[in-house]
Amino acid sequence: MGRGGHTLARVAVIVRAGAAPMVWLGALAAAVGLVPEGLTGRRIGLYGGAALFLLAAAVVASVRGSRYRALELAAARAARGDVLQDRAVTARNWRRAHRWWLLAAFAGAVGSAFAVPAAGGLLLAGAGTGLWLKACALGRRESAAQTLQWVRTDWVASGTPAGPTVLGYRTTGPAAGDAAPGGARRR
């Protein structure tokens, strides 16, 4: 690392890192949650879960949207000494840091099936879908601006690239990094 350089992670990759495990764990919890009859019955659980899925997806996709846009507008060009972190490393670090939270959310979703079948799993899957939608929106803005958004890894210790510890983003051209706009794997 050069003088004054920092390790940078892609903003969209951090957002997208939690989407897949949450959707898969939520779908698995919803499937397991259909086994018990629950207090409300399966049909009510599925209808309630579908409503929770849509609500969670909408809320997670829109939360902190103005903060992301403000950080994007104030972004500075990445310094020459900055080191760009690989997409796989960023996703692995996020998942490793949040594995206990993901496991607790899965256990809670399965446990809630005894009251309302499948609803907890669909809520978890909805939150994952919201993260995926947010990453897609970030990708569209990156494509429109022809820049990629990066954040210092020491600022995102809490796991969110728009949290209070994040003071600003860095930008690079669209050819930098190994992830396409939105954090998806580059083809």
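P(r) for the chain, from all Cα pairs and a bin width of 5 Å, is 1, 9, 16, 18, 17, 12, 9, 7, 5, 3, 1, 0, 0 %, short bins first. Among 107, 119, 29, the largest mean-square fluctuation in a Gaussian network model of the chain, built with springs joining Cα atoms closer than 10 Å, belongs to 107. If you take the Cα centroid of segment 18-49 and the Cα centroid of segment 73-135, the two points sit 18 Å apart. For the pair residue 79 and residue 34 in one chain, pulling the backbone fully straight at 0.36 nm per residue adds 11.0 nm over the alpha carbon distance. Note on the chain: helix-only mean residue ellipticity at 222 nm, from DSSP H runs of 4+ residues weighted -39500 (n - 2.57) and normalised by residue number, equals -18000 deg cm²/dmol.
Residues whose amide H falls under 5 Å from that of residue 34, counting only those 5 or more places apart or on a different chain, are 118, with hydrogens built in the peptide plane.
At 24 Å minimum axial length over the Cα atoms and a Kyte-Doolittle cut of -1.0, report the qualifying DSSP H helices in the chain, or say none. Present the calculation step by step, with values, prior to reporting the outcome.
Numbers: long enough: 42-62 (30 Å, 1.40); 119-145 (39 Å, 0.62).
Both cut-offs are met by 42-62, 119-145.
Overall shape: prolate for segment 76-187, with the ratio a/c of the largest to smallest alpha carbon gyration tensor axis at 1.5 or above and a/b above b/c.
Any read-out appearing in this document is the output of simple, stated calculations on the displayed coordinates, not a laboratory observation. Values in this document were obtained by computation on a predicted structure and should not be read as measured data.
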